[in-house]
1. If you scale each eigenvalue of the Cα gyration tensor by 5 and take the root, what three semi-axes come out for the stretch 212-283, rounded to whole angstrom and sorted largest first?
2. Separation between the E43 and R181 pseudo-spin-labels, each 7 Å from Cα along Cα→Cβ, expressed in nm?
3. Each residue of the stretch 215-228 in order: what ³J(HN,Hα) in whole Hz does its phi give by Karplus 6.51 cos²θ - 1.76 cosθ + 1.60, θ = phi - 60°, with x for Gly and Pro?
4. Specify the residue with the greatest mean-square fluctuation among E147, E293, E113, computed from a Gaussian network of the chain linking alpha-carbon atoms under 10 Å apart.
5. What whole number of Å gives the distance from the Cα centroid of the stretch 136-183 to the Cα centroid of the stretch 221-280?
6. Placing +1 at every Lys and Arg Cβ and -1 at every Asp and Glu Cβ, with all other atoms neutral, what dipole size does the chain have around its Cα centre, in debye to the nearest 20?
7. Measure nothing fancy, just the Cα-based angle from helix 243-252's long axis to the longest principal axis of the chain, in degrees from 0 to 90, nearest 10.
8. Quick one: 3J(HN,Hα) in Hz for the stretch 258-270, Karplus 6.51/-1.76/1.60 with θ = phi - 60°, rounded, Gly and Pro as x.
Amino acid sequence: MGLYRRGSRSHDFENKGRRPQAGFEKGSWEMARVFSGVQPTAEVPHLGNYIGAFRQWVALQDQHECFFCVVDLHSLTVPWDPKLLGQRSRQTAASLIASGIDPERSVLFLQSEVAEHTELSWILTCVSRMGELSRMTQFKDKSRNLERDSIGTGLYMYPVLMAADVLAYRGELVPVGDDQRQHLELMRNIAERFNRDFGETFPVPEPYIPAEGARIMALDDPTRKMDKSSDRPNNLIWMNDPPEVVRRKIARAVTDSGREVTAGSDKPAITNLLTIYAAVTDRPVAAIEREYEDKGYGDFKMGLSEALIDFLGPFRSRYLEILDDPGQLDKVLDSGAARAKEVAHQTMQSVRERIGLRRS
Ligand code: TYM
């Protein structure tokens, strides 16, 4: 099948070279268990998801044991359409394969098809504290404009389900974008508390956040992150945006004062565009700055649009090709769920035993 792209790129990461604590099977990051997830809240992911997360996932699968999950249960934390959800899950799985996830090397599956996630989530709910959940900025942001009586409890418990996702696999390394940093901190606290109270059970997961591109900003406002739940359609580029839409969005993207194409704290908009340019062409920012040394923002934006179109074109055709063969995608997801279940089931056996869920 021509569906799977092999290949990887290496980057600098905050946690490169760090080792998990002693006592777990894997001695070092030379071979770690990796877990990460993406919500199926849109037809396809946006460029921020790719640069902040999937790009690392693709590279990690060369060396590590990876579990990548379409977290459909997380999508229930905000209102959803039952007619669309399944379709979105399938499209998100197809997007991951089109981005370079190879289901022969990585376990790719839907969260709701492995019941251990919800079982462990309840147990970890009983290990988590209201104080720590109330401090989550994502919860505060998403519930800010809602009356207390109408804030969904799922939104509040969301990070506990995330902890269950990773811990069900005894995940060690969690590649995410910067917006998940606080959730990872909470996950670590829950794992440590569980280990302290019931005996060493889980490795304490390490965040794996890229040094560049961990927070891709909105094209129309470089002070806010690129965000699929925003109501400003020009804030982001969807992975399946056609060329004319990419050109239009980049042409409208906010720039900074001055005219030099250089990165820096005084140039948040150009820095963001340079980061995107570098990620999709796999070149260093400095090389792109040099290329546009004597040119202005207009040329730079034109170059960026074409680079994005070149990058998104192959994604788009692979994505459509994968969706065109639903039988094959079902096979991939069935075998992913079966492999995931084996591992999660084993973890749950020891969790149940340790916390006393047994007959005597
Ligand atoms: P989600 O679906 O919002 O996003 C998927 C991944 O994309 C990253 N991301 C970004 N990176 C850079 N710039 C941006 N503007 C940007 N927007 C999103 C996110 O950081 C994420 O890595 N809660 C998670 C999904 C999840 C999960 C997990 C992750 C559920 N369980 C267990 C890791 C481990 C989420 O909603 O991601």
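1. Equivalent ellipsoid semi-axes, largest first: 19, 14, 13 Å.
2. Output for this residue pair reads 3.4 nm.
3. Taking θ as phi minus 60°, the curve returns 9, 7, 8, 5, 5, 9, 6, x, 8, 10, 7, 5, 8, 6 Hz for the stretch 215-228.
4. Evaluated over the chain, the most mobile residue of the options is E147.
5. When both Cα centres are located, 26 Å separates them.
6. That gives the chain a dipole magnitude of about 620 debye.
7. That works out to roughly 80 degrees.
8. So the J values, rounded to whole Hz, are x, 9, 7, 8, 9, 8, x, 5, 7, 10, x, 6, 5.
The values are calculated or read from the model by the stated rules, or taken from the named source; none is laboratory data. All of these numbers come straight from a predicted model, not from anything done at the bench. Cβ atoms come from the backbone with ideal geometry, glycine included; neighbour counts cover every protein chain shown. Only protein heavy atoms, including side chains, enter the accessible area calculation; ligands, DNA and RNA are left aside. Shrake-Rupley method; radii C 1.70, N 1.55, O 1.52, S 1.80 Å.
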